[in-house]
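Every read-out reported here was derived from the displayed coordinates using simple, explicitly stated rules and does not represent laboratory data. As the structure is a computational prediction, the values presented were derived from the model and not from experiment. Note that we place each Cβ from the backbone using ideal geometry, even for glycine, and neighbour counts take in every protein chain shown.
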Amino acid sequence: MSPDRVATWRRLCIVQPVLKSYRLPFFLGLQQRLDALGIELQVVYGPPWAEEARRGDHVELPAPLGRCVPSRMLGGRLLWMPALGEALRADAVIVEHANKHLLNLPLALGRKLGGPPMAYWGHGRDRQGNEDSWGERYKRRTLHWADWWFAYTAGAADYVQAQGFDAARITTVGNAVDTRELRQTVAAVTPAERNAALQALDLPTTQPVLVYCGSLYENKRLDLLCAAMDALQTRQPAALIVIGGGPLAPMMQAYAGTRPWVRCVGPKFGRDKAVLLSAASLWLNPGLVGLGILDAFSAGLPLITTDVPVHSPEIEYLEPGVNGLMVAPDATVLAGTLCRLLQTPAELQALRAGALRSGERHSIETMVKNFAEGVRRWSKSS
């Protein structure tokens with residue numbers, strides 16, 4: 001390896017509030033890339049707090065790569081992680097750019113006093129928040145506390161640069177999940193396996209299936225999902241499979257209890273999830289869209305959502321008319337769109353093909369490569 005490709009650090013610490021299952025392939029891949037640069041990676045994370053634990057999508061990262069510390073959520077708003085020692089022993093530290101992280105304050109101060117350089121990883125702003133609020137004003141100010149930025153998407157990078165951060169010190173990560181594994185697993189599902197899964201749920205194998213897959217909370221606009229599905233039934237009978245957990249799981253279970261064409265199956269992973277996705281024609285998510293968009297594309301499912309202001313940066317991956325559609329946040333409009341697609345096989349098939357192509361383009365491999373290259377550049381500039 002040529003000298004200009006080798007970093008100057010020996011140890012990098014990344015601090016995460018919790019370890020989500022979808023991040024496991026990323027950190028394992030990043031460890032391999034950084035090893036090739038001579039950098040040891042350690043990921044410090046905490047256990048999920050009560051509300052977060054209800055989502056049911058957390059895993060452990062094997063040591064020595066991962067280290068779980070007994071973090072605490074204070075007052076439901078501020079998170080303290082006893083990870084200062086690990087961070088200060090590293091040559092550099094990467095933290096999430098979020099107001100709730102109390103650890104960011106001493107790390108930023110330590111950076112000024114000769115401690116390790118610090119980078120932020122995130123959106124740059126809270127797309128679900130009020131830009132004039134105290135929290136968002138504070139976030140714009142703290143944005144400049146870092147030496148480097150790892151922005152989730154190109155749009156997030158543009159926002160950070162627009163706040164006056166040096167573009168040369170921003171890496172666009174291309175936030176992703178392991179689309180290749182899910183794509184291969186879905187493709188391997190047999191018709192018999194798919195039909196057996198539907199029969200186990202007591203759903204007909206000849207009726208269109210729509211899927212909602214993700215956390216169940218307010219910004220997901222599950223009220224709109226339910227209203228649109230009710231309206232759809234009068235024009236085009238279709239089943240709905242709800243995959244995921246969260247605070248609104250009881251509401252969705254109650255809804256399913258009065259609709260024989262709805263099934264709530266809780267969080268699903270691996271092949272269990274892939275089999276259910278393979279049975280669907282569309283991925284319906286009327287509210288906040290985040291990384292789940294890549295699961296949809298990897299399964300060859302067009303994403304159908306609405307024009308609400310709370311989407312995460314990954315909504316940039318949606319190309320209306322190519323891999324999905326965005327419509328007005330109105331149940332009648334949404335139901336009409338679903339009905340048209342289910343009754344127009346050519347349009348639906350074109351969207352499915354576009355979704356698959358998008359899933360191949362936005363991959364975990366690309367994200368790992370981008371992130372590692374950002375670490376290398378940051379290291380050489382320090």
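With the crude spin-label approximation of a point 7 Å out along Cα→Cβ, what separation in nm comes out for THR366 versus PHE269?
So the label points at THR366 and PHE269 sit 2.6 nm apart.
Compute the length gained on full extension between ASP202 and LEU105: take 0.36 nm times their separation in residues and subtract their Cα-Cα distance, giving the result in nm to one decimal. Mind showing how you got there, number by number?
On the way: separation 97, 0.36 × 97 = 34.92 nm, distance 5.30 nm.
Fully extending the segment from ASP202 to LEU105 adds 29.6 nm.
Would you mind calculating the relative contact order of the stretch 297-382 from Cα pairs under 8 angstrom and at least 6 residues apart, reporting the percent as a whole number? Could you put the intermediate results ahead of the total?
Numbers: 78 pairs, mean separation 33.0, N = 86.
Once divided by the residue count of the stretch 297-382, the mean separation gives 38 percent.
Spelling out what I want: for every residue of the stretch 349-361, take phi, set θ = phi - 60°, compute 6.51 cos²θ - 1.76 cosθ + 1.60 (Karplus), and round to whole Hz; glycine and proline get x.
5, 5, 5, 5, 5, x, 5, 4, 4, 5, x, 6, 6
From the Cα gyration tensor of the stretch 68-130, with a ≥ b ≥ c the square roots of its eigenvalues, which class applies: rounded if a/c is under 1.5, or else prolate if a/b is larger than b/c, or else oblate? Don't jump to the answer; show the numbers that get you there.
Numbers: a/c = 2.17, a/b = 1.34, b/c = 1.62.
Here the stretch 68-130 falls in the oblate category.
What angle do you read, to the nearest 10 degrees and between 0 and 90, between the alpha-carbon axis of helix 24-36 and the longest principal axis of the chain?
The helix 24-36 is inclined about 40 degrees to the chain.
To the nearest 10 degrees, how steep is helix 222-233 against the longest Cα principal axis of the chain, on a 0 to 90 scale?
Between the helix axis and the principal axis of the chain, the angle is about 20 degrees.
Between the helical axis of 364-381 and the dominant principal axis of the chain, each derived from Cα atoms, what acute angle in degrees is found, rounded to the nearest 10?
It is inclined by approximately 20 degrees.
Over the stretch 232-337, consider all pairs of different Cα atoms and compute the Kirkwood hydrodynamic radius from their mean reciprocal separation; express it in Å, one decimal.
Working: mean 1/r = 0.0681 Å⁻¹.
Here the Kirkwood hydrodynamic radius works out to 14.7 Å.
What span do the alpha-carbon atoms of the chain cover on each of the three principal axes, reported in whole Å from largest to smallest?
66, 46, 37
For the stretch 275-340, count all C-alpha to C-alpha pairs, find those more than 19 Å apart, and express that count as a whole percent of the total. Please report the intermediate quantities before stating the final value.
On the way: 559 of 2145 pairs.
Result for the distance tail: 26 percent.
Strictly over 31 Å apart at the Cα level, which of LYS220/LYS380; LYS268/LYS380; LYS139/LYS268; LYS273/LYS380; LYS100/LYS220 would you flag in this model? Numbers along the way, then the final one.
Numbers: LYS220/LYS380 41 Å; LYS268/LYS380 42 Å; LYS139/LYS268 34 Å; LYS273/LYS380 42 Å; LYS100/LYS220 22 Å.
Going by Cα-Cα distance, LYS220/LYS380; LYS268/LYS380; LYS139/LYS268; LYS273/LYS380 fall outside the 31 Å limit.
With n ≥ 4 as the cut-off for DSSP H runs, can you work out [θ] at 222 nm for the chain, using -39500 (n - 2.57) per run divided by the number of residues, rounded to the nearest 500?
Roughly -11500 deg cm²/dmol at 222 nm, from the helical runs in the chain.
Output wanted: per-residue J couplings in Hz (rounded whole) for the stretch 72-88, from phi through Karplus 6.51 cos²θ - 1.76 cosθ + 1.60, θ = phi - 60°, x for Gly and Pro.
So the J values, rounded to whole Hz, are 9, 8, 9, x, x, 10, 10, 10, 10, 10, x, 10, 5, x, 4, 5, 6.
Could you run the Karplus curve 6.51 cos²θ - 1.76 cosθ + 1.60 with θ = phi - 60° over the stretch 136-151 and give me ³J(HN,Hα) per residue in whole Hz, x for Gly and Pro?
6, 5, 5, 5, 5, 6, 5, 3, 8, 6, 8, 8, 8, 10, 10, 8
Identify which of GLY292, GLY75, GLY38 has the largest mean-square fluctuation in a Gaussian network model of the chain, with springs joining Cα atoms closer than 10 Å.
So, out of GLY292, GLY75, GLY38, the one fluctuating most is GLY75.
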